[in-house]
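Inspection log for the structure reproduced underneath, given as structure tokens.
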Amino acid sequence: EAGVAQSPRYKIIEKRQSVAFWCNPISGHATLYWYQQILGQGPKLLIQFQNNGVVDDSQLPKDRFSAERLKGVDSTLKIQPAKLEDSAVYLCASSLTGQGVGDAEAFFGQGTRLTVV
Amino acid sequence: AQSVAQPEDQVNVAEGNPLTVKCTYSVSGNPYLFWYVQYPNRGLQFLLKYITGDNLVKGSYGFEAEFNKSQTSFHLKKPSALVSDSALYFCAVRRYSSASKIIFGSGTRLSIRP
């Protein structure tokens, strides 16, 4: 079974520029998550989708971050304009539904390392 | 609100010795609990989970974890450490309900010396 795919793997941009990350979850997974992992810290949930609806975006900085999941499959996370403190690894993950006993865990992609200079 | 605490930033163990990585959690209601491992420049890899039932759960690479409801803990263990176990380990929790979010701890770096 193919895993969660993310692109690009690395991105370097100047502050105030915009950037977009792409994620393709595991086939059939209804729940998709975007996490931000700053160096030395644990992953922080930015946004969670159930199919193409937003379940939780309470920690998404909505003045500069946006995300969408069209057709309930692929997702894009955008930052505009970027700040120095946005330098981090952006992780995408997916899980089946999050409702059943057997499918509670999330599976992660390799992440996109963003450096803002 | 959900939260996870990993009290040790780093754990150092000699190869062949048992290892324990500590985790405590706070969540309303029953928890789902997870351990993930992260190798350099890689995403998080799922190790094991507690959902319900037996308090001792077994996972990948010989790891196991013990759920203790009274102490709200979910410590990761392995009877005999390998150098290749050296990595960053994360504990995570979600509420026992549909579509709840997964909250991660700050991570513990495990270093196994030969």
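If you take the residues in the range B:15-47 that are without any contact (Cβ under 8 Å) to a residue 24 or more places away in the chain and surrounded by 12 or more Cβ atoms within 10 Å (Cβ to Cβ), which one is nearest to B:THR72 (Cα to Cα)? For the range B:15-47, the residue satisfying everything is B:PHE46.
It is to be established whether one or more residues within the range B:96-112 are more than 14 Å from every other protein chain (Cβ to nearest Cβ), farther than 13 Å from B:VAL4 by Cα and either more than 13 Å from the chain's Cα centre (by Cα) or modelled with pLDDT under 95 (or both). The answer is yes; a qualifying residue exists. Candidates A:GLN48, A:GLN41: the one that is part of a strand (DSSP E or B), free of Cβ contacts under 8 Å to residues at least 40 places away in the same chain and either under 19 Å from B:ASN41 (Cα atoms) or under 13 Å from the mean Cα position of the chain (by Cα) (or both) is A:GLN48.
Just one of the numbered conditions (1) in contact (Cβ under 8 Å) with a residue 12 or more places away in the chain; (2) away from every other protein chain (no Cβ under 11 Å) is not true of A:LEU91: (2). Counting only strands (runs of 3 or more DSSP E) that sit wholly inside the range B:1-80, those with at least 2 residues that are within 11 Å of chain A (Cβ to nearest Cβ) and in contact with a Lys or Arg (Cβ under 8 Å, 6 or more places away or on another chain) are B:31-38. For the range A:1-42, which positions are surrounded by fewer than 17 Cβ atoms within 10 Å (Cβ to Cβ) and among the hydroxyl-bearing types (Ser, Thr, Tyr)? Of everything in the range A:1-42, those that are surrounded by fewer than 17 Cβ atoms within 10 Å (Cβ to Cβ) and among the hydroxyl-bearing types (Ser, Thr, Tyr) turn out to be A:SER7, A:TYR10, A:SER18, A:SER27.
The values are calculated or read from the model by the stated rules, or taken from the named source; none is laboratory data. Remember, predicted model here, so these are calculated numbers, not experimental data. Counting neighbours? That spans all protein chains shown, and the Cβs are built from the backbone with ideal geometry, glycine included.
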